[in-house]
1. Which one, Ala157, Asn214, Val185, is farthest towards the positive end of the dipole of the stretch 144-220 when Lys and Arg carry +1 and Asp and Glu -1 on their Cβ?
2. Leaving ligands, DNA and RNA out of it, report the carbon-plus-sulfur percent of the accessible area of the stretch 101-195 at a 1.4 Å probe.
3. Do any trypsin sites (Lys or Arg not before Pro) in the stretch 96-187 lie in a DSSP loop with no more than 11 other beta carbon atoms within 10 Å, and if so, which?
4. So, in Å, what gap is there between the alpha-carbon centers of the stretch 76-100 and the stretch 14-35?
5. As a test of understanding, state the convex hull volume per residue of the chain from its alpha carbons, in Å³.
6. Counting Lys and Arg as +1 and Asp and Glu as -1, each charge on the Cβ, what is the dipole of the stretch 94-144 about the Cα centre in debye, to the nearest 20?
7. Tell me, which longest segment in the chain has none of the chymotrypsin sites (Phe, Trp or Tyr not before Pro) that fall in DSSP loops with at most 12 further Cβ atoms within 10 Å?
8. Say a site is exposed when it is one of the GluC sites (Glu not before Pro), sits in a DSSP loop, and has at most 10 other Cβ atoms within 10 Å; what is then the longest site-free stretch of the chain?
Amino acid sequence: ARVWVIDSGIDQNHQDLIGMVNKWLSRSFVDGSPGNDFWGHGTAVAGLISAIPANRNVENNQELIGMTGVSPGAELVSLKVFGESSESSFSKVLKALEHIVKKGGSKGDIVNLSLGSKVKNCQNHGLFKAIETMARSGIFFSIAAGNGFDQTAPINASEMLPASVEGEGIFTSAAFALDYANNSVTFSYFSNYGIPPVDWALPGSYIFTTYPENSEYAVM
């Protein structure tokens, strides 16, 4: 199984992601190559999924911490729908899904969609229906509940696409913040909510992960 990451690209030369990105299946549907991540978001997601820490010595023999993903070494495919602009379109996301079907996305594969926007009548949208169809074939979907601050305040994820898609093998995740100083757990200020469609709530604030260019890292 492989993980198809529909995002801003993946820096395939990052030291913790070496050899994990399938460059033959990767595609860009915007400006720049799928291995060029202008925004850093796709590389951050890739690190959370499959990074293996290289811990190489750098200048002055300072050892890097490195990043370990939840499934170290998992095969990644970069499907780039965000270029230098911070915005994309659902038509590009649909093209990415069509590419997965065309290139043999199969049962057990995972599609990661850490993106979304508020849409009226989500269930009537072509993207909603495409995800439902692919999920019925055994492809899993990991979808962000959405960042409500883009709409000025968090909202119910049922108003967001693709977060609102429900079905077997489709998992929508909200984000929470761990406050160790005050021993509290709260929803991340940006995270949408609502059951359904939210299936999981996971740590989403102050997350250490990989970042593009010069094998850097970031807290995002």
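The values are calculated or read from the model by the stated rules, or taken from the named source; none is laboratory data. Everything numeric here is computed off the predicted structure, so don't read it as measured data. Neighbour counts are summed over all protein chains in view; Cβ atoms, including those assigned to glycine, are modelled from backbone coordinates with ideal geometry. Accessible surface areas use protein heavy atoms only, side chains included; no ligands, DNA or RNA. Shrake-Rupley method; radii C 1.70, N 1.55, O 1.52, S 1.80 Å.
1. Working it through, the farthest residue towards the positive pole turns out to be Val185.
2. Values: 2700 of 5140 Å².
Carbon plus sulfur share of accessible area: 52 percent.
3. On the way: sites: Lys102, Lys103, Lys107, Lys118, Lys120, Lys129, Arg136; in loops: Lys103, Lys107, Lys120.
Answer by residue number: Lys107, Lys120.
4. The two parts, judged by their Cα centres, are 13 Å apart.
5. Numbers: hull volume 27.5 nm³, N = 220.
Per-residue hull volume (Cα only) is 125 Å³.
6. Values: 8 positive and 3 negative charges, 24 e Å.
My answer is approximately 120 debye.
7. On the way: sites that count: Trp24, Tyr180, Tyr206.
The reported range is 25-179.
8. Details: sites that count: Glu87, Glu168.
Answer from the scan: 1-86.
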